[in-house]
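**Q** Encoded as structure tokens, here's the structure I'll be asking about.
Every number in this text was worked out from the coordinates using simple rules, so none of it is lab data. Remember, predicted model here, so these are calculated numbers, not experimental data. A quick note on method: Cβ atoms are made from the backbone with ideal geometry, for glycine too, and the neighbour counts reach across all protein chains shown.
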Amino acid sequence: MHNLANMYLFGEGVTRNPKKAKELFLKAGLKNSYFNLSRMYCNGDGVKKDMSASQRYALMELFVSQQGPQSDVFEIGPDQYLLCEYG
């Protein structure tokens, strides 16, 4: 799913569709998926530039990398994945 999301993000073999890429990255839930989401929001690549969202996905990348490949990440609300905030 992550590779398909990259195809949509970069328009490789499919029509470029960052919205679909975002959806697939979230479903994939992999470390690299969260890295790409963080980068998308940091650079405003296909989404509205949002440093708060970028930081949230960077935290998810860190969380998933520490949990190992078999971990599951559960969504607790719309675009909310951790019970922590940036100061």
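**Q** With each pseudo-label sitting 7 Å past Cα toward Cβ, what's the Gln66-His2 distance in nm, one decimal?
**A** The two pseudo-label positions are separated by 1.9 nm.
**Q** Starting from the Kirkwood Rh over alpha-carbon pairs, what translational D in µm² s⁻¹ does segment 1-73 have by Stokes-Einstein at 25 °C and 0.890 mPa s?
**A** 204
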